Amino acid sequence: MNNQIKLAVAAALLAAASSANAGISIPAGDWTLDIGGVVNAFYTNNKKTGTQSAANIGTGLLPNVLAVSGTTRQNDLDVSFVIAIDPGGYTSHSLSDGGGQENRQSFFTFGDKSWGSVKLGKDLGIFASDAILNDMTLLGVGTGAYGAGAAGNATTTLGGIGAGYLYADWKEQIAYTTPNMNGFQATVGITQPYNTVAIAALGGLNSALGGGSQPAFEGKASYDFAADAVKGKVWVSGLSQKIQASGTNTLSNVTSSQTANVGDIGVNLNAAGFGLTGYYYGGSGVGTTGELLGGLSANGSKRDSNGGYVQATYVLPTATKLGVAWGESKMDPTGADSFTNYKNERWTLGAYHPLTKHVNLVAEYNNEKTTVNSAEVTVNTVSLGGILFF
């Protein structure tokens with residue numbers, strides 16, 4: 001696929017020892033159009049503390065995707081666009097149609113390799129984007145499988161989201177990316193500000209509600225390198241957003257605004273079939289799992305949160321990739337909170353086999369443990385299925 005839809009799938013393709021290939025290319029006047037996408041389905045069996053096992057069939061961390069893109073060169077500028085639809089594949093009862101529907105990408109870019117490019121529209125967020133793109137469960141299911149009570153949107157599962165990193169999400173944005181300068185590249189932009197969201201459904205933690213009075217500011221910088229047989233990437237990124245009471249989203253007993261801030265650092269190394277990824281994030285007021293989810297206590301005080309994950313993989317001579325990952329996300333209470341501890345931890349074991357250059361078969365085991373105060377809830381998930389890229 002000769003377009004930026006690769007952003008969401010190229011890392012997964014490389015992780016499966018496959019090659020990113022063009023989709024269906026169509027010359028159309030000054031444009032080259034491309035049709036590509038993702039199709040996937042997984043059987044999952046989930047066992048949650050105190051409940052019976054639940055069997056489901058649905059999509060994994062990636063949704064099904066059908067994307068149309070175009071590229072052209074006009075007035076000494078490279079111009080491109082992407083429009084995608086993302087149908088889910090999970091249903092829970094009769095007459096429920098075909099699962100959830102998302103529209104994650106609709107953006108255009110213009111620029112030149114001499115000075116960089118500008119993006120306008122909806123695409124993967126800037127902060128924490130490398131965390132999810134380096135997650136091996138991008139090819140599979142991870143945590144939050146249907147029946148576990150975590151995903152809830154009937155479109156995708158969570159992978160390692162909320163147990164090692166925050167979700168970068170799909171956001172309206174205006175962003176500038178520098179040209180690649182001997183491996184170094186940076187992106188800065190403004191993105192759609194989010195409202196804070198209560199986290200009552202995840203353990204009864206009371207949260208204040210507030211809205212974004214200004215755009216969120218996001219940025220990242222990365223360096224790709226190669227030394228002998230070792231290839232790698234190091235990155236940092238961050239997000240800052242002002243939160244202010246406005247309209248119906250009011251901060252209880254709070255008249256002043258707050259600012260949510262978060263930053264991260266990560267590294268990915270690959271040599272002789274081995275892969276290692278290490279990642280850490282920390283912030284204040286940003287919440288957990290999703291950005292601004294539970295970031296403020298009931299009186300509007302900012303909760304601190306942090307987490308990270310470690311992942312090791314090895315590609316066998318058969319091209320099958322084996323992987324193990326551990327991740328954890330924590331959120332600390334404020335003086336106004338009644339809870340003393342919130343933590344989400346997961347272990348994932350996975351096997352990813354490229355049946356063809358486009359089809360990957362996947363088997364995963366995931367153990368997730370959520371701790372609120374001293375109460376623990378564990379979900380064990382076994383998933384089997386496959387994913388196709390075209």
Practice item. Excluding residues fewer than 8 places away in the same chain, name every one of the aspartates and glutamates whose C-alpha is closer than 12 Å to that of Lys113. Key: Asp76, Asp78
Practice item. Over 30 Å between C-alpha atoms is what I'm after, so list which of Lys48/Lys330; Lys242/Lys369; Lys231/Lys369 land there. Key: Lys242/Lys369; Lys231/Lys369
Study note, to complete from the structure: On the formula 1/(1 + (r/R0)^6), with r taken between the Cβ atoms of Thr371 and Ala28 and R0 of 56 Å, the FRET efficiency rounded to 0.05 is 0.55
Practice item. Rounded to whole Hz and in sequence order, give me ³J(HN,Hα) for segment 324-332 from the Karplus expression 6.51 cos²θ - 1.76 cosθ + 1.60, θ = phi - 60°, writing x for Gly and Pro. Key: 9, 9, 10, x, 8, 10, 10, 9, 8
Review point. From a point 7 Å beyond the Cα of Thr72 in the direction of its Cβ, which residues of segment 110-140 have a backbone N at a distance under 19 Å?
Key: 110-113, 118-121
Revision key, fill the gap. Descending packing, highest mean Cβ count within 10 Å first, for 50-56, 224-230 is 50-56, 224-230
Review point. Taking a 28 Å limit on the Cα-Cα distance, which of the listed pairs Lys122/Lys321; Lys171/Lys302; Lys47/Lys357 fall beyond it?
Key: Lys122/Lys321; Lys47/Lys357
Review point. For Thr356 and Val310 in one chain, what is 0.36 nm times their gap in residues minus the Cα-Cα distance, to one decimal in nm?
Key: 13.7 nm
Practice item. First measure r as the distance between the Cβ atoms of Thr318 and Asn103, then evaluate 1/(1 + (r/R0)^6) with R0 = 41 Å and state the FRET efficiency to the nearest 0.05. Key: 0.60
Revision key, fill the gap. Computed from the beta carbon distance with a Förster radius of 41 Å, FRET efficiency for Glu328 and Ser114 to the nearest 0.05 stands at 0.45
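Computed from the coordinates by the stated procedures, all read-outs in this text should not be read as laboratory data. This one's a predicted model, so the numbers in the text were calculated from it and none came from an experiment. All Cβ positions, even for glycine, are placed from backbone atoms using ideal geometry, and neighbour counts span all protein chains on display.
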